1. Could you rank the peptides 66-74, 149-157 by their average count of other C-beta atoms within 10 Å per residue, with the highest value first?
2. Assuming R0 = 45 Å, what is the FRET efficiency of residue 223 and residue 110, from their Cβ-Cβ distance, to the nearest 0.05?
3. If I take R0 = 25 Å and measure r between the Cβ atoms of residue 50 and residue 145 in this structure, what FRET efficiency does the formula 1/(1 + (r/R0)^6) give, to the nearest 0.05?
Amino acid sequence: MMKQILLITDGGSNVGESPVTAAAQAYAEGITVNVAGVVDEGTIGEYGAAEIAEIARAGGGISQIVTSPQLSKTVQMMTRQTVAGTIRQAVNQELRQLFGVNDVGSLPPTKRGEVVKVMEEMEETMSLSVALLIDASASMKPKLHAVEEAIRDLTLSLQARTGGSRVSVFHFPGDSQYSYCVMDAGWHSNASNLGSLFGKIRMRGTTPTGPALLQVVDYIRETCGRISKIELIDEPRVSGGGSSEVRSDYVV
């Protein structure tokens, strides 16, 4: 199963642990962290932009700064790009073990085509869990409608995959000074089950991005298990012609 956290924020963490450190911990536990920075007027600020990029880098993911109308397509693109990147990383690791090459491009053309076909199939068939973590600090209030639409669109797009896909939704800060993060929806695979996500959120000034990330990591660990690295779950298969084949049954 592939596991992702998608953080949607306008930057500026100001409470608790560093979000960069939290993202690194997530990645160490097999969870990729992507970050969508949302800006409507002006800019997100040099500090906010740098923080967004650093969080994604530490979490092994990607980041992009967008306006609210661009958010839905960006969320879907980032999710699928990360799926492809995770599979590519796993396949390249196996290629190094089996053939002594660093990547798919180094294979002979015939073998390369076979491997690419396997990778494309894996992108659609591997199980995927995406936890969305939404910044609900005061500065994000005008953007929450676009965020809710993006979540629904992402869930609908994931339903089209052959493999099992599910989404959970969290927002931060929580409802009190002792609550960094609130779960709005546990794992769901159907957009119609999400309901109105943010109707009762009380916007607050603090932005505890790091502590919120760690709470979501705890949730994923409890519900999905912990995998510290990409693991291959069986021995290399050998084709009838005696050459090794790339396996398609990874646990990620």
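1. Details: 66-74: 16.8, 149-157: 19.6.
My ranking of the peptides, most packed first, is 149-157, 66-74.
2. Working: r = 42 Å, r/R0 = 0.93.
In this case the efficiency is close to 0.60.
3. 0.35
Any read-out appearing in this document is the output of simple, stated calculations on the displayed coordinates, not a laboratory observation. These figures come from a predicted structure and were not determined experimentally. FYI the Cβ positions are ideal-geometry reconstructions off the backbone, even for glycines, and counts take in every protein chain you see.
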